[in-house]
Amino acid sequence: MPLDPERVRAPLERFLAGALGREGCRIARMARLAGGTVQDNWYLEVQPGGPGAPVRLVLRTGRVVGTKESLPAEQEYAVLCAAARAGVRVPRPVAVCSDPAVIGRPFFLMDFVDGESRPWKLQRMPEVMAAGDAILEEIGAELARLQTVTPAGSEGLGFLKPPRDAAREQIADMRAYLDGHDHPHPAIEYALRWLERHAPAPGPVVLCHGDFRFGNVTIAGTRLTGILDWELTRWGDPYESLAWFCMRFFRFARPDLVAGGLGSRAALLRGWQKVSGRVADPEAIRYWDIMANTRWAVISLQQVGREVFGGENSLELALVGLATGEMELEALSLIARATVAQAKGRGVAEGAP
Amino acid sequence: MRDHPDTAHLLAAARRALLEQVVPGLEGEAQSTALMLARVFTVLAARHAADARARAALESGGESEELAALAGLLGKSPQAARRTAGGTDAAIASLSRRLAAEIRRGRFDPPGAGHDALLDFLVRITRAKVAENNPKVLEAMELSAGEET
């Protein structure tokens, strides 16, 4: 259930006074923000007592019980703090509250970030689309900054368990899910088998947003203003997010623009390479593209599972299930293309024409 | 025999009414919900048409294409599979499960005719699913078949 603003007003105003260190905080405005089937986001305009401009914040809390993968508010807050410390453009974390007496469940506060995040709106703004590649360079650069956070160098992220083998563990998880599912999925099995046979040697893992895509970034004017929605953060391969951002499903009305329906992958990679100092490996990108589509296909099955067992926005979740085939088909066609690319690669290595 | 309108007409009329008379008067979340409902009508119409085609094929003595292909891949007889499972849909489910397990075990790993027949089958059934659920996506995918990723 969403929060009832009137019921939480008084305890929340007391909490805000402590969190902001300002006496007599009044909530001048509290409005629910659109989007999010798992999280509940509220815009707060807080007028501290005495002189001074109102403070604009976002209150974020789990809507019901989170899904298995999504982090509880306190952990998402810790991740947001780690990203902020690494210099990633995120809404500034303000305070976290684990005390259920305040609003009935844990929540955290962050600065409100100006800008638009809804893809269908952004894709209708000519100035945004004209600056697509420049925005993607910024996004790539932010991703590289985020990836400087590693298990060894992180503080307060002990609740995230680093995988020993990012690719193979994801494959095993997906298979375990399929084994408990009432429908067989031969196309997903085919993709998983391919992923297993072509899995890269395990490498170092980095902090991975978990849903790094168009829709989870805010853009104001033609500038990236923030990366949002950190509830699915985990440790992962550096290439996972580069692939996730380019998934066909998340290109919305512009499937022709590979990176998020916003611009070119080359631009995203340019930004990433400039900050990370790495040169992107095309084979790794092909591999994680296939992983991304396979993973999202399996997640879509899980989302329908959530719908079947009831909950809010059930029509929305049911319709996610209609998309499973899109990701399966994309994975199959990417595998076919990867096979051609590999054959060509071998040809070059062996000096064939 | 049912009177007119038939299912296809009913669904098309409901979708049109929703899009032309209801959606323009709504905003925000209510409007997105109405648009989702319109999509449900589209999917139901496509599924209804596909079911009718499959039924017609079976009635004219044909074999379900999907069952025949599955049986072929697994080296089984479609008739026997249907008898054992007690129906076409149950046989398709049972052979699909078997196929999924064989893929995982690596039976289709070696390059060659067996692998190619499997891939061809998977692309066909998946395309059919997408054609039912979101034909626009299928068109876009076809257009970009050679795209640089």
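Structure data summary
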read-out	value
Contact order normalised by residue count of chain A, Cα under 8 Å, 6+ apart, percent	15
Residue B:18-residue A:6 pseudo-label distance in nm [points 7 Å out on the Cα-to-Cβ vector]	3.4
Kirkwood Rh and Cα Rg combined as Rg over Rh, evaluated for region A:74-156	1.07
Quotient of Cα Rg and 2.2 N^0.38 Å for region B:1-43, N being how many residues it contains	1.31
Against the rule of thumb 2.2 N^0.38 Å, how large the Cα Rg of region A:119-176 comes out	1.72
Under 11 Å, Cβ to Cβ, from residue A:17 - net charge with Lys/Arg +1 and Asp/Glu -1	+1
Gain in span if fully extended, residue A:182 to residue A:74, counting 0.36 nm per residue against the direct Cα distance	35.4 nm
Label-point separation in nm, residue B:63 to residue A:101, each point 7 Å along Cα→Cβ	7.2
Modelled FRET efficiency - R0 45 Å, residue B:139 with residue A:45, Cβ distances, 0.05 increments	0.50
With Cα atoms, 0 to 90° folded angle of helix A:73-85 axis to chain A main axis	70
Degrees between helix A:166-179 axis and first principal axis of chain A (Cα, 0 to 90, nearest 10)	90
Diffusion constant of region A:182-271 at 20 °C, which comes from Stokes-Einstein with the Kirkwood Cα-pair radius and 1.002 mPa s, µm²/s	143
Estimated [θ] at 222 nm from DSSP helical runs (n ≥ 4, -39500 (n - 2.57)) normalised by residues in the protein assembly as shown, nearest 500	-17500 deg cm²/dmol
Whole-Å semi-axes of chain A's equivalent ellipsoid (Cα gyration tensor)	37, 23, 19
Stokes-Einstein D in µm²/s, Kirkwood radius over Cα pairs - region A:136-237 at 37 °C with 0.692 mPa s viscosity	207
Within 10 Å of each Cβ in B:90-102, the average number of Cβ atoms from other chains	3
FRET efficiency estimate (nearest 0.05) - Cβ-Cβ, residue A:114 to residue B:89, R0 60 angstrom	0.65
Dipole in debye (nearest 20) - the protein assembly as shown, about Cα centre, beta carbon charges: Lys, Arg +1; Asp, Glu -1	340
Net charge over other residues, Cβ less than 15 angstrom from the Cβ of residue A:49 (K, R count +1; D, E count -1)	0
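Quick note: the coordinates plus some simple rules give every number you see, no bench work behind them. Keep in mind it's a predicted model, so treat the numbers as computed, not measured. Here the Cβ is made from the backbone with ideal geometry for all residues, glycine too, and neighbour counts use every protein chain on show.
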